[in-house]
Amino acid sequence: MDILDLIKNEHRWIEALFLEIEAANDTAKLYNSFNQLAEEINLHAEIEAQIFYPVLRQWGSENKLIDTAQGEHDEVRQTLEEIETLSPTSEEFQAQIQALKQLFQHHIQEEENELFSQVRQHISEAKRRQMASEFAAAKSKLASDTSVVG
């Protein structure tokens, strides 16, 4: 599995978490699903910023695409922070979840359709596999550090 497969799998997992939130039929399930979503998005964004984007810049990929992707991460994180202040039973919570879902879907569409093609052009398969290992290890370590702190 290379870095692109790994990131795509994470995108599909996060999309599934959005579906869990939409299907939640009680406040506890909604709260738990949202917390899991927030954790996954934050981990994913942080590790992409640490492992994926720096290598792309180094290998000469489109910096504008990378800047856009990182800006989208910031926007998603800001929306997450806003949602965390809301009651899960409020209408505003549901509206913000939908806004977050749209932001995330836009981000993954651009990343998977535009940025990934640049990665395939500029980075060898062997390097993409190495990046996948680094990505997984960094995510595991960050998740472990976060659970100890949080």
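Tabulated data
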read-out	value
The range 84-98, residues that are of a type outside the set (S, T, N, Q) and either over 24 Å from ALA49 (Cβ atoms) or surrounded by 14 or more Cβ atoms within 10 Å (Cβ to Cβ) (or both)	LEU86, PRO88, GLU91, GLU92, PHE93, ALA95, ILE97
Matching helices (runs of 4 or more DSSP H) fully within the range 89-149 where at least 1 residues are under 22 Å from ILE21 (Cβ atoms), touching a residue at least 24 places away in the same chain (Cβ under 8 Å) and in contact with a helix residue (DSSP H, G or I) (Cβ under 7 Å, 6 or more places away or on another chain)	91-110, 125-149
Selection count where residues are among the hydroxyl-bearing types (Ser, Thr, Tyr), closer than 13 Å to ILE97 by Cβ and exposed (fewer than 12 other Cβ atoms within 10 Å of the Cβ), scope the range 7-32	0
Answer residue from the range 11-33, given it is charged (D, E, K, R) and part of a helix (DSSP H, G or I) and is farthest from GLU75 (Cα to Cα) among those	LYS29
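Each row is one residue, and each column tells you yes or no for (1) in contact with a strand residue (DSSP E or B) (Cβ under 7 Å, 6 or more places away or on another chain); (2) buried (at least 18 other Cβ atoms within 10 Å of the Cβ); (3) part of a helix (DSSP H, G or I); (4) hydroxyl-bearing (Ser, Thr, Tyr).
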{"residue": "ASP5", "(1), (2), (3), (4)": "no, no, yes, no"}
{"residue": "ASN35", "(1), (2), (3), (4)": "no, no, yes, no"}
{"residue": "ALA45", "(1), (2), (3), (4)": "no, yes, yes, no"}
{"residue": "TYR53", "(1), (2), (3), (4)": "no, yes, yes, yes"}
{"residue": "ASP74", "(1), (2), (3), (4)": "no, no, yes, no"}
{"residue": "ARG77", "(1), (2), (3), (4)": "no, no, yes, no"}
{"residue": "GLU82", "(1), (2), (3), (4)": "no, no, yes, no"}
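A short reminder: the numbers here are calculations on the coordinates, not readings from a lab. What you are looking at is a predicted structure, and each value in this text was computed from that prediction instead of being measured. Don't worry about glycine lacking a Cβ; one is built from the backbone with ideal geometry, like all the others, and counts go over all protein chains shown.
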